[in-house]
Amino acid sequence: MSTRSLAIPVWAVCALVLLLVPAYGSPTFVDLAFRTASLIVLAISWNLMASAGLISLGHSAFFGLGGYVGILSANLLGAPFWLSLVGAVIAGTLLGSGLALITGRMRGIYFAITTLAASEGLRVIAVMLPDLTGGAKGAYLKAATFPGVLAINLAMSLVAVAACIIAWMVSRSRFHYAFRAMRANEAASQMLGIFPLKYRTAIMALSGGMASLVGGVEVWHGGYLDPAVAFDLHITITSQIAPILGGIYTLSGPILGAIATVFLGDATRIALGHLQGASLLVFGLVLVFCVLYLPQGIQGGLLRMLGKRPSEAAAEPKLSPTVATGAAKP
């Protein structure tokens, strides 16, 4: 069983649950499904960038931007729910493309720090524009007509299913091979005919749009937004932990990791809710454990239990320059 064949049943079960719970589940399960779907999208978004060697420490920048576009378009322009989501996607796509162009030659820690600076910069801007964003006090959604709880929860489930489909489509395209080459050695990948800036821009635009869409749905779900919530570092941390815990660079890893992360977060709040920052401590310990003893995540552990080789190389065809560049074979 390969990683791709394992992803099929995982995705089918998750999609069925996420689409049915908003309509038939209890309030507790509806809330759980909403948070899980939200983290699935963020984890897939972060994992797509990581697959190209782009480690983001400021994923909350996309989330927060999408949230503010959603609430401002509704409050100032009277945009309905679905139209505000379109605006959130466009804003995140533009931010991702812009960051890709600005950081065109940055790699590793330099790129990561730039994404963190972008998130902090947007937070400061939101604080300094109280007439527009409400400043540090935040702003409430003033939309005259809310789409309803069912529509909001179902929208997040649909976004999660769409994110999974997008990740699958990327894995089946030549972009996947280009990203692998860039992750291994971006400079050497140019010898295969790969133009790194082109692929950087594409993946960051896609990733940014997905993460911003989550922020756009979340603001309708909560009805309130302030800079501390929009650009919370916790968003970035959970977006990273989920794919690493589930299996980084894989298809089903972000989904498995998102489910496990939500479960750990809830269990921590129940057991250690009186201790401030306990969830981050638990996440940190789990991350260290995964790096040391479960480097291929939950998915790798499941494959080993089934007696299969969990390595990415075993599940994917070898890198071919003609496939990576889309050129015809001689």
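Each value in this text was obtained by applying a stated rule to the coordinates, not by laboratory testing. Not measured: the values here are computed from a predicted model. Positions of Cβ are backbone-derived with ideal geometry, glycine not excepted, and every protein chain shown enters the neighbour counts.
Points to keep in mind about this one:
- The value of relative contact order for the chain, using C-alpha pairs under 8 Å at least six residues apart, is 30 percent.
- Taking the average, over residues, of other Cβ atoms within 10 Å as the packing measure, peptides 56-64, 244-252 rank 56-64, 244-252 from highest down.
- Degrees between helix 149-171 axis and first principal axis of the chain (Cα, 0 to 90, nearest 10): 20
- Spin-label model distance (nm) - MET169 vs VAL124, 7 Å beyond Cα toward Cβ: 3.8
- The magnitude of the dipole of region 31-167, with charges of +1 and -1 set on the Cβ of Lys/Arg and Asp/Glu and taken from the Cα centre, is near 160 debye.
- Net dipole in debye of region 158-307 [+1 Lys, Arg Cβ; -1 Asp, Glu Cβ; about Cα centre; nearest 20]: 640
- Here region 3-232 is treated with +1 on each Lys and Arg Cβ and -1 on each Asp and Glu Cβ, and its dipole about the Cα centre works out to around 760 debye.
- Helix 253-272 axis, angle to the chain major axis (alpha carbon atoms, nearest 10°): 50
- Sorted by Cβ neighbour density within 10 Å, fewest at the top, the residues SER51, SER279: SER279, SER51
- Least to most buried among GLU218, GLU120, GLU186 (fewest other Cβ within 10 Å first): GLU120, GLU186, GLU218
- Sorted by Cβ neighbour density within 10 Å, fewest at the top, the residues MET156, MET169: MET169, MET156
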